[in-house]
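> First the structure, which I've put down as structure tokens, then a few questions once you've had a look.
The values are calculated or read from the model by the stated rules, or taken from the named source; none is laboratory data. As the structure is a prediction and not an experimental result, all values here were calculated from the model. Using ideal geometry, Cβ is built from the backbone for each residue, glycine included, and neighbour counts are taken over all protein chains shown.
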């Protein structure tokens, strides 16, 4: 094996990852509005697939509290794997674009434009997928047990106190953005999948809150029969969790690594 081959297969170093994330942020910010919106709709649908899979596998698992949550986390990882490997735009992952903004490679307007378009597209994709799942009859699996699980998930989310929802959102997106960060170290699809698996499984098992996942899980619970959930409940949860997600991803990952590797002395 030659030195060049080893270099091409070794993981990128953290300083190299920082530069790659910064360049990616510039590229994302400069996508057209149509491209961004379509990719964001796909991102919302992909995360909804993860939420759908998660709901099924934890239904009547009977394997105990911890193992069940771990299994659910592994299943939910499908969503971010699809986003990264198949290609899509995800609001939570795009908090890393802050690195390009702090370096002044993009403007604040470009950052906000990307976030607004991606958040909107994720919402459209997730809710549209919830409608499709509702009419597909998937919730009737297990003699309606999957529907009961969907309802329980939605109720638990809208009943979270605001302060808990915020900090769970913060912790969630710290792990999600670290998963994306690790993907930038990888050279192969298999490596990217492995990089995603543990951080995402951890945030799901620990009960952290992901705004895009909630765009699917809460409407799905409503369609499954929890009609006591109001639009106000949904929007309050989304706003609180999204603010937590922004804080975790932008400040605790993007800004911290920018200070360490990209800040000019």
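> Could you check residue 204 against (1) at pLDDT 95 or above; (2) more than 18 Å from residue 72 (Cβ to Cβ) and say which number it fails?
Going through the list (1) at pLDDT 95 or above; (2) more than 18 Å from residue 72 (Cβ to Cβ), residue 204 breaks only (2).
> Can you give me the number of residues within the stretch 24-63 that are at pLDDT below 95 and either buried (at least 20 other Cβ atoms within 10 Å of the Cβ) or within 18 Å of residue 82 (Cα to Cα) (or both)?
Count: 0.
> Considering each residue of the stretch 131-143, count those that are over 20 Å from residue 45 (Cα atoms) and touching a helix residue (DSSP H, G or I) at 6+ places or on another chain (Cβ under 9 Å), and give that number.
Qualifying residue count for the region: 3.
> Does any residue of the stretch 249-258 turn out to be touching a residue at least 24 places away in the same chain (Cβ under 8 Å), under 13 Å from the mean Cα position of the chain (by Cα) and under 26 Å from residue 123 (Cβ atoms)?
Yes; the residues of the stretch 249-258 include at least one that is touching a residue at least 24 places away in the same chain (Cβ under 8 Å), under 13 Å from the mean Cα position of the chain (by Cα) and under 26 Å from residue 123 (Cβ atoms).
> Among the candidates 262, 217, 243, which residue alone is closer than 15 Å to residue 174 by Cβ, in contact with a helix residue (DSSP H, G or I) (Cβ under 8 Å, 6 or more places away or on another chain) and either in contact (Cβ under 8 Å) with a residue 60 or more places away in the chain or surrounded by fewer than 23 Cβ atoms within 10 Å (Cβ to Cβ) (or both)?
On the way: 262 fails: closer than 15 Å to residue 174 by Cβ; 217 fails: closer than 15 Å to residue 174 by Cβ.
The match here is 243.
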